[in-house]
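Asks: For reference, the structure I am asking about is given below.
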Amino acid sequence: MTSALTHLAAGTELVEPVAGGAQLVLAALAGIALIVVLITIVKLHPFLALIFGALTVGMAAGENISDVLASFSSGFGSTAASVGILIALGAMFAKLLADSGGADEIVDTIVGHASPRALPWAMALVGAIIGLPMFFEIGLVLLMPVIYLVARRSQLSLITVGIPALAGLSAMHGFVPPHPGPVAAISLLNADLGVTLALGVLVAIPTIVVAGPLFGKLAGRWVVLEVPDRFDAADLAGGDSNAGGTTGATGPVTATKTRPTFGLTMFSVLLPVALMMGKALVDIFVDDKSHLLRQTFDILGQPLMALLIAVVVGMFTLGGGAKMTRDQIVKTIESSLPPVAGIILIVAAGGGFKQVLVDTGIGTLLAEWAKGANLSVVLLAWVLAVLIRLATGSATVATITASSLMLGLVEGMSTGEVSLVVLAVGAGSLFFSHVNDAGFWLVKEYFGMTVGQTIKSWSLMETALSVAGLVFVLLLGLVI
């Protein structure tokens, strides 16, 4: 007799199925279908949709509703405790970077030193660096005035300049922690954050090249746009972006207020990345757990500690570099949290949904079927994320749901292989943004495009990101 048999699938306890295979599959499909309908047709907030979806899965599987609620609460709490803190700290750092003018300093320095021919590549680099700590929507709003200005002064197509920046922002959002999607997938599958971060950067760089400057050059030929007059020189000279007048052919924007230097800003942005990747490298090359270097990075390289250090250091390097007062820094930190409260709740609810799936045993069942069919786990993870992304329009919901279904399949995988599954889910979550995605309309309005033009540029760029990301993940899988 097998009861509550423990299968350590990347550290997550999976149980024996509570019902027959057909019933569990129908229960999972019913829960996912309900989530899709509630989000897309009823327009219910994903937080509530995930709760109702979890209840549907549990009850359809034949579980007692009290047990379903207990499972959901357990998953919600553990996910909020791990992922929620990281999202909050990431939001604090991103707000410091924006309010101090550090983000503008990165943009101005890189764009100002690029020749017209190299501008698309420079914009891709800017998008990637800005996208490292910032949410996609925030990065887009921040970069749009620069995209307009660069396109106007360089006489390049708005799409040729803009698509690379969007590719950099979007790739970081899908592949690299501390963004909510990758962090949620890492938490759900119990992947190593440092290893996933390092592999995520390796995948993101060539993916951005393919979907950014290379695809942008093609898209600029079939989508021809006039630069909107939404931001003029006066807007760039003042306002919240802390950007001033322009000089030169491509116009590096010069600040009218003190900003942290480029070197100090880059140090601040890359500090948490270096700490987390440093821990992963030390774990690989230093076997002795009592070694001082190993013990040091075991503390400093923990995601929570690395981001906490980044926020504290940023108060001095970014806030101090911009001559911000203590009250201004405090206000910046405080104002960073309300916008991400909804994201934290969605991700935590996704953790609850995951736990209900785990406790019904659907993960164990899918794992057995997949192994019997000899399916590629990486490819399956990508396909599941693509389907949910197309249905819901939400990259975060796609990541959470696909990761939850992959739990049993990562059993026995190495650390690097589990990280590749996380990245495959991230790649799938970016696939073909269309009319049910808020990001689609945000890009459409900022670029002044029709729906058709947005599909031919933004939607196809997201598809190129997703497919190229999968290809590079599969190539990494050949050596990991």
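Asks: When you take every Cα atom in segment 179-227, what is the radius of gyration, and what is Dmax, the widest Cα pair distance, in Å?
Replies: Spelled out, the Cα radius of gyration and Dmax of segment 179-227 are 16.1, 47 Å.
Asks: Quick one: with all protein chains in place, what share of the accessible area of the chain is carbon or sulfur, to the nearest percent (1.4 Å probe)?
Replies: Here carbon and sulfur together make up 68 percent of the probe-accessible area.
Asks: May I pose another question? Please compute the length gained on full extension between ALA341 and ALA438, using 0.36 nm multiplied by the number of residues separating them and subtracting their Cα-Cα distance.
Replies: Between ALA341 and ALA438, full extension yields 33.2 nm more.
Asks: Semi-axes, largest first, in whole Å: what does sqrt of 5 times each Cα gyration tensor eigenvalue give for segment 53-177?
Replies: 42, 16, 10
Asks: Between ALA22 and LEU218, what is 0.36 nm times their sequence separation minus the Cα-Cα distance? Round to one decimal in nm.
Replies: Between ALA22 and LEU218, full extension yields 65.9 nm more.
Asks: Could I ask something else about it? Tell me the label-point distance for the pair PHE285, GLU137, using the 7 Å Cα-to-Cβ offset, in nm and rounded to one decimal.
Replies: That separation, rounded to one decimal, is 4.1 nm.
Asks: Between GLN295, VAL36, THR261, whose Cα lies farthest towards the positive end of the dipole of the chain when Lys and Arg beta carbons carry +1 and Asp and Glu beta carbons carry -1, centred on the Cα centre?
Replies: Sorting the options by dipole projection puts first THR261.
Asks: On to the next question. Name the residue farthest towards the positive end of the dipole of the chain from the options ASN436, ALA167, GLY53, assuming +1 on Cβ of Lys and Arg, -1 on Cβ of Asp and Glu, about the Cα centre.
Replies: ALA167
Asks: Could you count how many Lys pairs in the chain have their Cα atoms under 17 Å apart, skipping same-chain pairs fewer than 8 positions apart?
Replies: Taking the chain as the scope, the lysine pair count is 7.
Asks: Here are labelled values, [x] 76, 56, 43; [y] 68, 57, 48; [z] 59, 55, 50, and one is the computed Cα extents along the principal axes in Å for what I pasted. Which one?
Replies: This structure yields the entry labelled [x].
Asks: Still on this model: Where in the chain are the helices, taken as whole DSSP H runs, whose Cα atoms extend 27 angstrom or more along the long axis and whose Kyte-Doolittle mean reaches at least 0.0?
Replies: Span-like helices, by this rule, are 21-40, 262-285, 338-360.
Asks: For THR40 and VAL451 in one chain, what is 0.36 nm times their gap in residues minus the Cα-Cα distance, to one decimal in nm?
Replies: Fully extending the segment from THR40 to VAL451 adds 146.1 nm.
Asks: A further question on this structure: Do the sum for the chain: with -39,500 (n - 2.57) for every DSSP H run of n ≥ 4, divided by all residues, what is the mean residue ellipticity at 222 nm, to the nearest 500 deg cm²/dmol?
Replies: One gets -22000 deg cm²/dmol as the mean residue ellipticity at 222 nm.
Asks: Just how large is the dipole of the chain about the Cα centre, in debye to the nearest 20, putting +1 at every Lys and Arg Cβ and -1 at every Asp and Glu Cβ?
Replies: 1020
Asks: Right, another one. Along Cα→Cβ, 7 Å out, is where each label goes; now give me the distance between the ones at ASP327 and LEU379 in nm to one decimal.
Replies: Once both label points are built, they end up 6.2 nm from each other.
The values are calculated or read from the model by the stated rules, or taken from the named source; none is laboratory data. Here the structure is a predicted model, which is why all the values come from computation and not from measurement. Counting neighbours? That spans all protein chains shown, and the Cβs are built from the backbone with ideal geometry, glycine included. The protein model used for the area step is the full one, side chains on, heavy atoms only, and it has no ligands, DNA or RNA in it. Shrake-Rupley method; radii C 1.70, N 1.55, O 1.52, S 1.80 Å.
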